[in-house]
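Take a look at the structure set out below.
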Amino acid sequence: MDKKQAKERIEELRKQVEHYAKKYYDDDKPEISDFEYDMLMVELRNLEKENPEFQSKESLTQKVGGNVKEGFKKITHEVPLQSLQDVFSIEEVKEYIIKTNEKAEENEIKNKKYVVETKIDGLSAALEYKNGKFIRGATRGNGLIGEDVTENLKTIKTIPKELKEKIDITVRGEVFISKKDFEKMNQEREENEEELFANARNAAAGSLRQLDSKITKKRPLDIYIFNVQKVEGIEFNSHFEELEYLQNLGFNVNPVRIECNTIEEIEKAIKQIGDQREELSFGIDGAVIKVDDLDFRQILGTTAKTPRWAIAYKYPPEKKETTLKEIICQVGRTGAITPMAILEPVKVAGSTISKTTLHNEDFIKEKDLKIGDKVVIQKAGDVIPEIVEVQVNKRDGKEKEFKMPTQCPVCGAPAVRQEGEVAIRCTGIECPAKLSRNLIHFVSREAMNIEGLGENIINQLLEKQLISNIADIYNLSFEDISTLKQNGSKFAQNLVNSINKSKENDLFKLIIGLGIRNVGVKASKILAKKYKTISNLMQATSEELALIKDIGPIVANNITEFFSQEQTHDLIKRLEESGVNTKYLAEESEDNRFEGKVFVLTGSLEEFTRTEASNIIENFGGKTSGTVSKKTDYVLAGDDAGSKLAKAQSLGIQIISEEEFKDMIK
């Protein structure tokens, strides 16, 4: 490669790694695997080393990736939070140890010990304590300036709010989500049709960097402390001694730390961690080799980006070949039909893999997957098995094409894929796979609002086979309900009253409760007002519905598809027989005082639920929105108002209190 080619390739690589680093560090949405990113960085680093005239301080080989997210206060780290130099072979580790030992001998350092630790796959953070009390915490950011995430860090149970000694100390740790919790999070997100986290690291990073600490509190974050950044009044001789002291103070210290004296012991420790990788409760992406003697660390010093007293050995991703034996389809709680690969069992990264998700129809087409193919699998983020490659050259002609079903494999209702979506869904209202979720939605506050009938009670009713569809709610007796709780008479009577009260709801509440795709509160009110009865709505044509403002052709098709099914007709008939109102009751309001005005609600109101406040606004001709923009006229702010309030203030939008709102609606 001549100089011109080298320069062009360096510039190309810098653009690539900057893009991927931004997606990884700033957006918490990686586009390539860690290994692929590492290989790009290795190529860039080698080219810059071979062509020093093209080196730049702005290259990511010379500085820490990551920036401060807008909305966070900036914190300057007194001691920089540097990254580590990565190596990818034991030979490179040996070379580093030999050079470092030679340096130790030159400086007459007697302690030539090293500490080998797990490189936890998470987000680095600094915790500051004054007089033993936690006062501030920040992300690494670019190493020099980080984000103030103190309130978010306070939600992590393993971070002590007060230490066992009244000491001024700043420590560094890695915030992470355990493998078990990560799998549970993604399973819940899949059920709720939310985008899955790519890996545990980005899930942890995204959770810690939330502008609303209430969201962070709901995420299962943990932390391991691995370094003293700064301490007042105490001097340590070794890193291992520091870690022991941190543990005695009450910190959750990195549990895997192995003292080593020789290259052979270091190699053994790296292998040991690699062998035990699968058994660890947390994900790792390498092993860190650190100089133990703290005085020697000072002599070795640092570069602008990395310390010279430590390196990180990165384990290569383990890949195995196996056979795709079959593809089956599972129906999730939302009706999404997900293809699942059944594999010839194979051991990868310490565990036996016999199946993995194929996500959706597009994924199968992109990979050109066929039943009978030889495929290569690996574990994404040390947790999720995935197919990364199809061995097309090993096909023998016996492989079979796979087609997604046109009917739900559970209930037989039509399975459809809407324009702009990747998922194929069951459309049946009484599908057993969707029943629990459909019931929970039907009784929710914004729908039929049956107080006391929460998820736990619904699951008990299903387990006891007291209900098998939505209409069965209205056949529940006092005796049925009282068996769900010890001394449950009062609870049973309250729930019976709530069920009976829900029969009197307006038509739009019932339409919401039916859970027609893309038909929310606003559309339900429009439909109820126009058609007056559920019977009229059921007879409406798709063309007719599509002409209604705020409905459109996609939602119109959803409505007619829903009401064309025998399951739906059966449900409506049973609801009517149970006395559930199916007519429009709302009186036309002549008071349009909020006509043309857009409200955004944020925070907790004392006298109104958000639904009640929204209904009042809409009854007066106004509109409500979930996002603040220049088109917003008022922001109704209750207690604990978050980022919406801040955005409204920055845009100069009028902010009203609950008292002011009450004056407006008198």
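The values are calculated or read from the model by the stated rules, or taken from the named source; none is laboratory data. Not measured: the values here are computed from a predicted model. Counting neighbours? That spans all protein chains shown, and the Cβs are built from the backbone with ideal geometry, glycine included.
Summary table below
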{"quantity": "Qualifying positions in region 552-596 - of a type in the set (Asp, Glu) and within 30 Å of Gly412 (Cβ to Cβ)", "calculated": "Glu561, Glu566, Asp570, Glu576, Glu577"}
{"quantity": "Matching residues, region 243-264, being surrounded by 16 or more Cβ atoms within 10 Å (Cβ to Cβ) and over 34 Å from the mean Cα position of the chain (by Cα)", "calculated": "Tyr245, Cys260, Ile263"}
{"quantity": "Leading residue by the ranking (farthest from the chain's Cα centre (by Cα)) among those in region 21-75 that are assigned to a helix (DSSP H, G or I) and of a type in the set (A, V, I, L, M)", "calculated": "Leu47"}
{"quantity": "Residue check, Lys522 in a helix (DSSP H, G or I) and either closer than 19 Å to Ile440 by Cβ or modelled with pLDDT under 95 (or both)", "calculated": "yes"}
{"quantity": "Condition met for Thr334 (touching a residue at least 12 places away in the same chain (Cβ under 8 Å), out of contact with any Ser or Thr (no Cβ under 6 Å at 6 or more places or on another chain) and in a loop (DSSP other than H, G, I, E, B))", "calculated": "yes"}
{"quantity": "Any hit, region 646-660, residues being without any contact (Cβ under 8 Å) to a residue 40 or more places away in the chain, surrounded by fewer than 14 Cβ atoms within 10 Å (Cβ to Cβ) and among the hydrophobic types (A, V, I, L, M, F, W, C)", "calculated": "yes"}
{"quantity": "Residue in region 272-280 that is on the phi > 0 side of the Ramachandran plot and touching a residue at least 60 places away in the same chain (Cβ under 8 Å) present", "calculated": "no"}
{"quantity": "Test: residue in region 232-239 that is buried (at least 17 other Cβ atoms within 10 Å of the Cβ) and of a type in the set (A, V, I, L, M, F, W, C)", "calculated": "no"}
{"quantity": "Some residue of region 157-168 being surrounded by 15 or more Cβ atoms within 10 Å (Cβ to Cβ), within 27 Å of the chain's Cα centre (by Cα) and not in a helix (DSSP H, G or I)", "calculated": "yes"}
{"quantity": "Selection status of Ile458, touching a Phe, Trp or Tyr at 6+ places or on another chain (Cβ under 6 Å) and either closer than 22 Å to Gln567 by Cα or surrounded by fewer than 21 Cβ atoms within 10 Å (Cβ to Cβ) (or both)", "calculated": "no"}
{"quantity": "Residue in region 433-449 that is out of contact with any Leu (no Cβ under 6 Å at 6 or more places or on another chain), surrounded by 14 or more Cβ atoms within 10 Å (Cβ to Cβ), part of a strand (DSSP E or B) and not assigned by TED's automatic domain parsing to the domain that holds Glu183 present", "calculated": "no"}
{"quantity": "Leading residue by the ranking (nearest to Glu117 (Cα to Cα)) among those in region 221-258 that are in a strand (DSSP E or B) and aliphatic (A, V, I, L, M)", "calculated": "Ile258"}
{"quantity": "Scope region 196-219; condition more than 30 Å from Asp639 (Cβ to Cβ) and not hydrophobic (A, V, I, L, M, F, W, C); matching residues", "calculated": "Asn199, Arg201, Asn202"}
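Residue-wise test of (1) closer than 21 Å to Gly286 by Cβ; (2) in the same structural domain as Ala198 (by TED's automatic domain parsing); (3) surrounded by fewer than 20 Cβ atoms within 10 Å (Cβ to Cβ).
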residue	(1), (2), (3)
Lys355	no, no, yes
Leu369	no, no, no
Val376	no, no, yes
Pro385	yes, no, no
